[in-house]
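J.: This is the structure I want to talk about, given as structure tokens.
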Amino acid sequence: MTAFKTTMLTSVIPRLLTLQRQSATKYIVPLSYSFIFGTWQYSSTYSDTDVEQFVKENKRTVDSLYKLSINIKKIRQLKRWVLLKDVAFVEETAGFLKGLGANEITVANILEQCPEAFLQDPVVIDTQRHLWSLICSSDEELVKIIEKFPESFFVHKCPDIQRANITYLKELGLNKKIICRLLASSPQIFCNSVEGNKEIISALEDIYLTIGGSKANFKTWLMKLLSQDPFVLLKPSSALKTNLNFIQSLGFDDKEVLKLLSKLKGFIFDLNCTTMEQSILFTRTVFKCSNDDLRQMILKFPGVLYYSVPVLKDRLTCLVRGGASLDQVIQSPNVLELTTQIIEYRIKKIKLLGHEIKNHHLDILNGTKKDFEVSYGRLQVKKKRPLFNPVAPLQVDE
């Protein structure tokens with residue numbers, strides 16, 4: 001076997017490399033020569049330039065990845081630059097993950113998704129582990145988070161600022177589970193300065209209390225808001241104030257504004273006064289509604305404030321073309337949340353059962369795919385139900 005390897009290394013491989021330079025459709029010899037043991041790659045696209053680029057890759061890194069059965073081709077396609085780094089910690093990073101309880105498949109998945117992970121110094125990774133232990137109840141939970149959000153653990157690193165933000169959110173009353181979810185799904189807000197996060201949360205509280213909210217309810221409202229859109233902490237508080245002033249100018253009382261604030265969630269920061277004015281004018285014109293009717297419609301369907309006129313027009317046209325009336329839309333404006341494709345598909349399915357949409361409340365179209373299937377199922381049952389009980393005897397005059 002030793003003689004065979006020697007022959008391969010001194011004779012066969014040089015000849016293959018020579019052939020590669022003559023044609024772009026030959027076997028590529030990895031720098032690690034791992035194909036000697038049964039691992040090789042074939043490509044119809046590699047050229048002289050590609051062969052020269054492979055030579056620049058860190059041999060130790062590539063060999064370590066091969067040993068872990070990691071898809072190096074995938075890494076080359078997505079983030080090849082990590083293979084060119086002089087220093088890497090593949091074995092150490094894999095050992096860290098296995099120490100948390102990750103199996104080989106999980107380790108491979110994590111390093112393929114986030115190859116930057118094996119560029120991190122083990123000391124830095126250990127610091128991150130201690131940081132996450134403040135909000136993670138177990139190593140098993142941490143492994144699941146890392147597998148789903150590897151970049152949140154390995155890439156977004158500013159431990160001092162992250163630790164300070166975790167402490168601040170705990171002081172606000174947010175529980176560990178919510179903080180952990182936020183750190184995993186939106187790590188950027190934890191790399192933002194504590195002062196910046198305090199400023200926006202303080203502004204949110206002031207506005208919430210100004211429009212009639214209670215201090216006791218603010219914590220619950222904030223938790224819901226952050227769960228729905230944590231990136232509100234990265235948005236300017238001035239946008240919130242401007243948009244709320246516009247909404248109040250429409251005649252909503254404080255109680256209604258609070259209700260809208262809860263329904264709009266993070267959208268409240270992204271509203272645009274010009275878009276809102278145009279959409280409201282379109283809604284007034286098409287539905288010929290009074291100010292009171294308009295407010296009631298917005299409370300039922302806040303999308304009037306954030307969808308543009310072309311979007312609203314397309315969806316309304318689609319509904320009318322499908323047989324719905326404007327009065328039906330006024331009664332169930334939430335149907336305008338659906339895209340034209342979904343509206344067309346659902347109306348078509350209902351018509352196939354022999355039903356006309358004009359004879360039903362438009363709520364039958366609303367909801368998720370699962371919600372619609374339930375409503376559709378009820379219509380199917382009605383269609384199949386017999387007009388009389390076939391088991392009961394018929395009453396016939398003798």
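Values quoted throughout were computed directly from the atomic coordinates according to the rules given, and no laboratory measurement underlies them. This one's a predicted model, so the numbers in the text were calculated from it and none came from an experiment. So basically every Cβ, Gly included, is an ideal-geometry build from the backbone, and we count neighbours across all protein chains shown.
J.: Taking Cα centroids, how far is the range 115-131 from the range 158-184 in Å?
T.: 19
J.: Label-point separation (nm) for residue 363 and residue 155, each offset 7 Å from Cα along Cα-to-Cβ?
T.: Spacing of the two 7 Å Cα→Cβ label points: 4.4 nm.
J.: Now for a different question. Figure the gain on full extension for residue 337 and residue 140 (residue separation times 0.36 nm, minus the Cα-Cα span) and round it to one decimal in nm.
T.: Numbers: separation 197, 0.36 × 197 = 70.92 nm, distance 3.91 nm.
Here the answer is 67.0 nm.
J.: Arrange 321, 346 by Cβ neighbour counts within 10 Å, fewest through most, would you?
T.: Values: 321 12, 346 22.
Arranged by neighbour count, lowest to highest, 321, 346 become 321, 346.
J.: Given labels modelled 7 Å from the Cα in the Cβ direction, how far is it in nm from residue 219 to residue 81?
T.: Computed distance between label sites residue 219 and residue 81 equals 4.4 nm.
J.: Still on this structure, please answer the following. Can you sort 194, 374 by how many other beta carbons sit within 10 Å, fewest first? If you can, show how the numbers build up before the last one.
T.: Details: 194 17, 374 10.
Lowest count first: 374, 194.
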